[in-house]
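These notes are about the structure you will find just below.
Read-outs: derived from the displayed coordinates by stated rules, not from any lab. If you're wondering where the values come from, they're calculated on a predicted model, not measured in any experiment. In this analysis, Cβ positions are derived from the backbone assuming ideal geometry, glycine residues included, and neighbour counts consider all displayed protein chains.
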Amino acid sequence: MGKIGSPKELQSYREGLAKKRSDSKKVVAVCCGTGCNASGARKVAAAFAEELEKQGLGEQVELRPTGCHGFCERGTLVLMHPEETLYQRVKPEDVAEIVSKTVAKGEVLEKHVYDDPVTGEKHVKEHEIPFYKHQNRLILGKNGAIDPTKIDDYVALGGYGALSKALSMGPERVLDEVKRANVRGRGGGGFPAGRKWETCRNAPADKRYVICNADEGDPGAFMDRSVLEGNPHAVIEGMIIGAYTVGSDEGYVYVRHEYPLAVERLTIALEQAREKGFLGKDILGTGFSFDIKINRGGGAFVCGESTALMTSIEGKVGEPRAKHIHTVVAGLWGKPTNLNNVETWANIPLVIEKGADWYTSIGTKGSPGTKIFSLVGKVNNTGLVEAPMGMTLRQIIFDIGGGIPKGGAFKAVQTGGPSGGCLPAEKLDIPVDFDTLVEQGSMMGSGGMIVMDDRTCMVDVAKYFLGFLKFESCGKCTTCREGTRRLHELVTEIAEGRGTPETIALIEELAETVKEGSLCALGTTAVNPVRSTLQFFRDEYLAHVNEKRCPAGVCKALITYEITDACTGCMVCKKRCPEGVISGDKKQKHVIDAKKCIKCGICRDVCKFDAVRVY
Amino acid sequence: MTVKFKIDGVSVEAAEGASVLDVARRYGFEIPSLCHHEAVTPYGACRLCLVEIAKGGRKKLTTCCNYEVLEGISVVTDTPEIRRHRAMVLELILAEAPDAEPVRRLAAEYGVRTTRFPAKPKGEAGEKRDCILCGLCVRVCSEIVEANALTFNGRGEKRGVGTPYHEASDQCIGCASCASVCPTGCIEVKDTADAREIWGRKFGVVRCESCGAPFMTEAHRDRAVADGPLPAEYFKTCPACKRKALSGRFAAVGA
């Protein structure tokens, strides 16, 4: 079917699709998100295609390569409907047996079933696994049910219904609904989207733009990537509704070039949306016209900052400018521009479809809805997590994340990406929402959540993030360019044992000027890692400065590796030492030549007897 | 439209669109800056013009070169907090450009005579460390000369300024506007009797038919004739001789 000319036609088209898509039909959904792809998902999907054909099941069973299911730790994930059986860590060579036993006969293969690393319990169905059980996957949930390259999958599940509804409501009522729902910007600041839209709509102009910020650049963060890769139409639908509301006919998705799969899926989705008449002229016969272009970014972190992003779209060097006049009034090419990030746009269809009252019933009063986090670091279940706002850090890290691996102890969690703060164990019970995180000295950011255990040195963490930020600073303003660089130098001094109490004092003094004096949010928030670690882990800084000691055993200049009497003389560390500086015969206690040791830590990692000590 | 607001308690007026910095200076308030010039778009790079602006009950520290005047705002140009931040910024700039005399002078005014940060090491050729990356040269070249011969390169601490890819630029007309606007005088222009060298290029010069002195590059003249309203004859004599001739005519009229 070509263009859909009216809301009514959309309705009947959807009914036709839904009939074909019965709930009892067998579907094998293979997660082909970036994480699973890295562990060979495409080969697994190809093996399924071949095997289903070979075993004569090609007709009865639908193979659906989908976007990210979130549980990247256990990829490749294979979810089988209608039973909802989830197999994890599936390899191409497992596929023949899975098809012949599970797909054909419904037999459950124990070896592919999830086993809880903490309790040892096995869970067959996806929704029974603690990782999924405690989530509320409003946005991510559809990833497992949609082939992102097929618009019909999205439409069959009600897709573009919100657009159809919005067009019948009129822009004022849509705006009112978004305002009442208090959708807050998921890009980091948490600014109310409705207020942004309203200012943009009311700014006098002959042309307005809408932009989707998909320039996700935080180390370890991949929420927006997975939404774009797994369910691009949700973002597109949100943007069309936004454009209709603010009065725009042209939109951009600014997505980084390092996200080739997202670009590919988005390109396909845009083409299909145009074919169906959701984009282009006279959308659903209402006279409203709008189209979206993709703008690929070069990968500069600063281009995620709204003004730098717009400058980059204009074809200039991506540098931020002052926002004394907001971009909703004078943005891209000086025109009112409404920019929201991927996740914010993906929330819009839900708000319109189900209404503000439903939306505000989820999450907290000040921060309604859910938030997607990329839960990474020293946690058992790394992956993408979507939790209602207000869930505590402890619930996210321990109930969903399964706690710290290998019996380690929780030390800190950094929320908000490289410019977020590190919160200590005392803060585990705070609710995660926009305002509480800021109150506690961190921020929501775009949703990065890096868990650290007791083997993490907080001085080293601050050093790492400052190193990232000084590299990513565009260099336009003095405080950010020189400030982040000098902060990095000072923290490095401490990490290398050259720090004094004055070093800490200078860090604090400089951090205040960088925060107060920088041009854009990259600079003003760049001090968060060092400030928050100084606030919550000051003792650790003092140990580096006063005792020239790194308590976590990380900072190389301050540590020594030693083999204790627990050594059984098994020779493993001796064999693995890259410098060959471990001596000792079989069944004799080994010795590390401290002078030649490069402190790489391999001996400690490979020792089964916990005989390597760092002090 | 005229906008009324306050600077340090004094009521002031300015035209809409003016920058707080320009207005403050016009009224005699002293606010330091190194990256601002009235002729080009404000940039907000050096961060020295930090002031406190109260708008609708909310106060914040912000640079005022790129802050457009608004009705009813209240600007405070000097507090211990502002001075502290400016002094820190000067310490940062001083470490980055220890050879820049104007920076040292300004720093001294803020009591900054040394910097606690290690100074940028001298280059191999012993070149001066005096560029503060204010971007005035780039803005003048693009907005006023419209040659677009200069650009920033690199990012963060690797940021520098120069011609694209550090290659001699075809766009450059050797006008040296960049050098004349540079606050630290760090752009090298070599003028000899018959040539000018700048940004890795050598330009032939035009001599005044009247006094014989070189007064512009040939490339500059060719651009001016091609793009501007004036005929080629206009560029035969230097501005000084033109002034002299003109004042002679005025003298004749007066007599």
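Worth pointing out:
- Within chain B, the percentage of alpha carbon pairs spaced more than 29 angstrom apart rounds to 46%.
- Placing pseudo-labels 7 Å out from each Cα toward the beta carbon at A:E275 and A:E107 gives an inter-label distance of 4.1 nm.
- Relative to the globular-protein estimate of 2.2 N^0.38 Å, the Cα radius of gyration of region A:269-329 stands at 1.49.
- Along the axis of the charge dipole computed for the protein assembly as shown (Cβ charges of +1 for Lys and Arg, -1 for Asp and Glu, origin at the Cα centre), the listed residues B:C186, A:S6, A:L140 are led at the positive end by B:C186.
- Computed over region A:207-264, Kirkwood Rh from alpha-carbon pairs, angstrom: 12.0
- More than 16 Å apart - percent of Cα-Cα pairs taken over region A:414-488: 54
- Within a Gaussian network of chain B (alpha carbon springs, distance under 10 Å), most fluctuating of B:A108, B:A100, B:A147: B:A108
- Cα-centred dipole magnitude for the protein assembly as shown, charges only on beta-carbon of K, R (+1) and D, E (-1), debye, nearest 20: 840
- The mean count of C-beta atoms from other chains within 10 Å of the C-beta of residues in A:509-518, rounded to a whole number, is 6.
- Test item: Cα-centred dipole of region B:105-218, Lys/Arg +1 and Asp/Glu -1 on Cβ, debye: 720
- Overall dimensions of chain A by Cα: Rg and Dmax, Å: 26.2, 84
- Rounded to the nearest 20 debye, the dipole size of chain B about its Cα centre is 500 debye, using +1 on the Cβ of Lys and Arg and -1 on the Cβ of Asp and Glu.
- Between amide H atoms placed 1.01 Å from N, distances below 5 Å from A:D291 occur with A:E250, A:G251, A:G280, all of them 5 or more places distant or on a separate chain.
- Its residue count N sets the reference 2.2 N^0.38 Å, and the alpha-carbon radius of gyration of region B:98-203 equals 1.17 times that reference.
- Local electrostatic count at A:T245 - Lys and Arg +1, Asp and Glu -1, tallied over other residues with Cβ under 11 Å: +1
- Close amide-amide hydrogen proximity is noted between A:G403 and A:N380, A:N381, A:F398, each under 5 Å apart and 5 or more residues distant or on a separate chain (H modeled in the peptide plane; Pro and chain starts excluded).
- Region A:186-211 and region A:529-599: distance between their alpha carbon centers, rounded to Å: 53
- Helices in chain B, meaning DSSP H runs of at least 4 residues, each add -39500 (n - 2.57). Divided by all residues, the mean residue ellipticity at 222 nm is -7500 deg cm²/dmol.
- Per-residue mean of C-beta atoms belonging to partner chains within 10 Å, peptide B:92-99: 3
- Pairs of alpha carbons in region A:1-115 whose separation is greater than 17 Å (percent): 57
- Compactness check for region A:548-615: Cα Rg over 2.2 N^0.38 Å is 1.03.
- Computed from the C-beta positions of B:E143 and B:T2, the FRET efficiency with R₀ = 25 Å rounds to 0.45.
- When chain B is treated as a Gaussian network with alpha carbon springs shorter than 10 Å, the biggest mean-square fluctuation among B:R155, B:R129, B:R47 belongs to B:R155.
- Efficiency of FRET from Cβ geometry, A:E97 and B:R105, R₀ 60 Å, rounded to 0.05: 0.15
- Cut-off 16 Å, label 7 Å out along Cα→Cβ of A:T564, residues of region A:583-615 by amide N: A:589-592, A:603-615
- Principal axis dimensions, region A:247-293 - Cα atoms, whole angstrom, descending: 37, 21, 8
- Peptide-level mean, for A:319-326, of C-beta atoms on other protein chains within 10 Å: 5
- Residues in region B:1-25 that a label on B:T79 would reach, taking backbone N under 13 Å of a point 7 Å out along Cα→Cβ: B:8-9
- Cβ-based net charge around A:T360, under 12 Å, with every Lys or Arg adding one and every Asp or Glu removing one: +3
- GNM on chain B, alpha-carbon springs under 10 angstrom: the most fluctuating residue among B:E71, B:E127, B:E38 is B:E127.
- Calculated translational diffusion coefficient of region B:112-170 (20 °C, 1.002 mPa s; Stokes-Einstein with Kirkwood radius over alpha-carbon pairs) equals 159 µm²/s.
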